[in-house]
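Visitor: Could you have a look at this structure, given as structure tokens, before my questions?
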Amino acid sequence: MAKKKSSAKGHIVPTTTLIKQPAHIAAHARIKSLAEYKKLHEESLRSPATFWARMAKENISWIKPFKKTLVWREPHAQWFVGGRLNVSANCLDRHLSTERRHKAAIIAEGEPGDIRVITYQQLHTEVCRFANVLKKNGVKSRDRVIIYLPNVPEAAIAMLACARIGAVHSVVFGGFSAAAVRDRVQDCGANFVITADGGFRRGQPFALKPVVDEGISGLEQIRRVIVLRRTGQTTHMQPERDVWWHEEMAGASAECPPASLDAEHPLFILYTSGSTGKPKGLLHTTGGYLLGATLTCKLVFDLKETDLFWCTADVGWITGHSYTVYGALSNGATTFMYEGVPNHPQPDRFWDIIERHRVTIFYTAPTAIRSFIRAGDQWVKKHDLSSLRILGSVGEPINPEAWRWYYEVVGGKRCPIMDTWWQTETGAHMITPLPGITPMAPGSATLPFLGVDPAVVDAKGQPVKRGEQGLLVIRKPWPSMARTIYGDAARYKKTYWSEIKGCYFTGDGARQDAHGNFWIIGRVDDVLNISGHRIGTAEVESALVSHAKVAEAAAVGIPHEIKGQALAVFVTLKQGLTGDDALREELRQHVAREIGAIAKPDKITFTEALPKTRSGKIMRRLLKEIASGNEVKGDVTTLDDFNVLSKLKAIED
Ligand code: WT7
């Protein structure tokens, strides 16, 4: 489909056949036409303060109105200065005086098939009670609280309860290891942990509490661990420190007024991988983040009162934060949560869920779509998916084949696909089609959201020509941008605001086509995207070298049919040791213990030495080509020792 044609100037301009969105969506869309979008977008860039102030007044309930829309001292932004609000009140209380009061806020299905429906009134009650539990256990405003739970409604309840009293949550995905929990507890200085005995995954209960116990062992800073009973497995409780969620809730009052918080009050910290060994804790604040999540969720997914919105991401990722929880609830929508894996008990679990619950908006990742393709169309075709109206994609570029399958087989050509480009750092969608109006270009996230000013530039910050590849930057601050890296403002400045002068640097490469559509090429830094999850090569390398037998390690990404990228590592062992399959497995387990199962290497090559430049930098580019089975091309003149290369090639062949 993507054709290349030479322009008059001789450079390559990629073009693609655009696909018109189904007309019935446009008929009811909030933004009525591409022309209206363009006008609004222009306005939003011409007078950002006026635009964002209007959006903030229209979409958010303020306890005290803000005085100034933006104070910008690069790289530090303050949005909606002087304003006071509460995120949980926006997600709950404001719906109680409307027809939404007894509408379902959350419909949840556990992996074993247990179904729960929680109305706005009920969710409000649960959140207030749990907020009182937090207070009773000593949690105060600005205290950091680690949430390490399966993808069940209590995760949302815990997040909203923190937000209600001004505590700062840091959700850690349940697949992360004890070591990862410990790092995060220490990095953010948390005194509290909310966890569960375990959860259900692939038909089995898995344990969470023992992981927490190991992660926080010896850490004096932890004052309380609140434990949800989910699986009923035998759980050790440490006296004085651990309490059961249900026992604490039993006596808790449902009366808990929302704290009146400054617009810049910290809301949450969420860790993500960067190009050094240490994950970054991105800090998001109250007013700007809530506006970003609320507005994009409403406009990009075209939320209507009758929708059932299912974002398949775990709440442990930014997608779960911004769309399953905050964006959906702030809009008064019904959000769907599923606890388990897509292929249990059979490969059609997702389609079965969509059919039984009549899901209308379905938001998932390309890696999931590719594994559905592999499982076979018959699993989809068994089910009536006619309730679906809008489809979404996130996490990595969606390859045109997967796009077409998603459009035709899942959506029956009735449902437009919103390919949303954004990041943990951006808090909300940045480049995305809008329902009904943006011509779809399979594989492209298309056009900037309102108020977003992206550009493709060269290393000096000069815009490149249309069709040429460059670095993706954002030229203006936006409300839901992360404010800093928690505890490391210098790293925040260096990573995002120093690479390209005056711009936010995304870390992605991109090109813009003749229609203005943005095509994301992928990361240009040492960050991999494996099954839509960000993994830093340095993080994996530091996990590997912490193993007693490893001297040196290099991690690279190689193309993978389902995961997008797979993780290949090259390992040099300490003097006198030799590698075999048993050690390969030991190293895989070691990485799982250090980081989590998502970072387990797919391929381990033992080598006597790694290719390095004369200044000692590992030449990952060469390793990548070798691991992918390609000819080593390009410049090798900086390579220090040519023998290393031929030896490595010999091992691979
Ligand atoms: C990185 C951000 C933000 C939600 C999930 C991932 C890649 C994300 C797309 C997309 C192409 C995408 C980028 C980005 N990415 N969405 N629609 N098309 N690439 O969040 O872990 O913060 O990762 O994911 O490389 O920088 P994240």
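Visitor: What is the gain in length, in nm to one decimal, between LYS103 and VAL81 on full extension, counting 0.36 nm per residue of separation less the C-alpha to C-alpha distance?
Guide: On the way: separation 22, 0.36 × 22 = 7.92 nm, distance 3.35 nm.
Contour length minus Cα-Cα distance gives 4.6 nm.
Visitor: Right, something else. In segment 165-208, which residues have a backbone nitrogen under 19 Å from the label point lying 7 Å from MET237's Cα in the Cα-to-Cβ direction?
Guide: Under cut-off, by backbone N: 192-199, 207-208.
Visitor: Taking only DSSP H segments of four or more residues, each worth -39500 (n - 2.57), what value at 222 nm results for the chain once the sum is divided by all its residues, to the nearest 500 deg cm²/dmol? Before the final figure, lay out each step's value.
Guide: Details: 18 runs with 181 residues, N = 653.
Rounded to the nearest 500, the figure is -8000 deg cm²/dmol.
Visitor: Could I ask something else about it? Among DSSP beta bridges lying fully in segment 46-179, give the percent that are antiparallel, nearest 5.
Guide: Of all bridge pairs located within segment 46-179, approximately 75 percent are antiparallel.
Visitor: Only bridges with both residues in the chain count here: give the DSSP antiparallel percent, nearest 5.
Guide: So the antiparallel bridges amount to about 65 percent of the total.
Visitor: Continuing with the same structure: I'd like the isolated cysteines in the chain, meaning no second cysteine's beta-carbon lies under 4.7 angstrom from theirs.
Guide: CYS91, CYS162, CYS188, CYS297, CYS311, CYS415, CYS503
Visitor: Once phi is turned into ³J(HN,Hα) by the Karplus curve 6.51 cos²θ - 1.76 cosθ + 1.60 with θ = phi - 60°, what whole-Hz value does each residue of segment 41-56 show in order, with x for glycine and proline?
Guide: Values, residue by residue: 5, 4, 4, 5, 8, 6, 10, x, 4, 5, 4, 5, 4, 4, 4, 5 Hz.
Visitor: Distance between Cα centroids, segment 302-316 to segment 252-273: provide it in whole Å.
Guide: 22 Å
Visitor: Report the calculated FRET efficiency for ASP114 and SER386 (r = Cβ-Cβ distance, R0 = 22 Å), to the nearest 0.05.
Guide: E(calc), rounded to 0.05, equals 0.25.
Visitor: Quick one: pull the percentage of alpha-carbon pairs in the chain with a separation above 43 Å.
Guide: Working: 43946 of 212878 pairs.
So the portion of pairs separated by more than 43 Å is 21 percent.
Visitor: Per 0.36 nm of contour for each residue apart, how much would the distance between ASP641 and HIS24 grow if the chain were fully extended, relative to their Cα-Cα spacing?
Guide: 215.8 nm
Visitor: Something else: For LEU40, project a label point 7 Å along Cα to C-beta. Then give me every residue of segment 405-420 with its amide nitrogen under 19 Å of that point.
Guide: Of the residues in segment 405-420, 416-420 have backbone N under 19 Å from the label point off LEU40.
Visitor: Continuing with this model, one more query. Give the carbon-plus-sulfur fraction of the accessible surface of segment 11-510 in %, rounded to a whole number; probe 1.4 Å, heavy atoms of protein chains only.
Guide: 52 percent
Visitor: Run through the DSSP bridge list for segment 531-652 and note the antiparallel percent, rounded to the nearest 5.
Guide: 75 percent
Visitor: Provide Rg and Dmax in Å for segment 242-386, with only Cα atoms included in the calculation.
Guide: 18.5, 52
Visitor: Work out the FRET efficiency for HIS344 and LYS135 from their Cβ-Cβ distance, taking R0 = 22 Å, and round it to the nearest 0.05.
Guide: Efficiency, rounded to the nearest 0.05: 0.05.
Visitor: Taking 7 Å along the Cα-to-C-beta vector as the label spot, tell me the ASN399-ILE651 distance in nanometres, rounded to one decimal.
Guide: My value for the distance between the label points is 2.7 nm.
Visitor: Let me ask something else. Just list whichever of LYS136/LYS278; LYS612/LYS649; LYS501/LYS624; LYS465/LYS563 have alpha carbons separated by over 26 Å in the model shown.
Guide: Working: LYS136/LYS278 34 Å; LYS612/LYS649 15 Å; LYS501/LYS624 30 Å; LYS465/LYS563 32 Å.
Beyond 26 Å between Cα atoms: LYS136/LYS278; LYS501/LYS624; LYS465/LYS563.
Visitor: Give the long-range amide H neighbours of GLU468: residues separated by 5 or more places, or on another chain, with amide H under 5 Å away, using H modelled in the peptide plane at 1.01 Å from N.
Guide: The list, which skips near neighbours in sequence, is GLN512.
Visitor: Per residue, how many Å² of accessible area does segment 531-652 show with a 1.4 Å probe? Provide the component values of the computation, followed by the final result.
Guide: Numbers: 5860 Å² over 122 residues.
Heavy-atom SASA per residue in segment 531-652 reads 48 Å².
Visitor: Just want the answer: with Cβ charges of +1 for Lys and Arg and -1 for Asp and Glu, which residue in LEU123, HIS533, PHE66 is farthest toward the dipole's positive end in the chain?
Guide: PHE66
Visitor: Right, another one. Rounded to the nearest 20 Debye, what is the dipole magnitude of the chain about its Cα centre when Lys and Arg each give +1 and Asp and Glu each give -1 at the C-beta? Please list the in-between numbers first.
Guide: Numbers: 84 positive and 68 negative charges, 395 e Å.
With only Lys, Arg, Asp and Glu charged at Cβ, the dipole is about 1900 debye.
Visitor: In addition: Could you give the size of the charge dipole of segment 255-413 about its Cα centre, using +1 on the Cβ of each K and R and -1 on the Cβ of each D and E, expressed in debye and rounded to the nearest 20?
Guide: 420 debye
Visitor: Measure out, as a whole number of angstrom, how far apart the alpha-carbon centroids of segment 139-187 and segment 456-477 sit.
Guide: One Cα centre to the other: 36 Å.
Visitor: Given a cut-off of under 8 Å on Cα pairs at least six residues apart, what relative contact order in percent is computed for the chain? Could you put the intermediate results ahead of the total?
Guide: Working: 1429 pairs, mean separation 87.7, N = 653.
So the answer I get is 13 percent.
The values are calculated or read from the model by the stated rules, or taken from the named source; none is laboratory data. These figures come from a predicted structure and were not determined experimentally. Using ideal geometry, Cβ is built from the backbone for each residue, glycine included, and neighbour counts are taken over all protein chains shown. We work out accessible area using only protein heavy atoms, side chains counted, and drop any ligands, DNA or RNA first. Shrake-Rupley method; radii C 1.70, N 1.55, O 1.52, S 1.80 Å.
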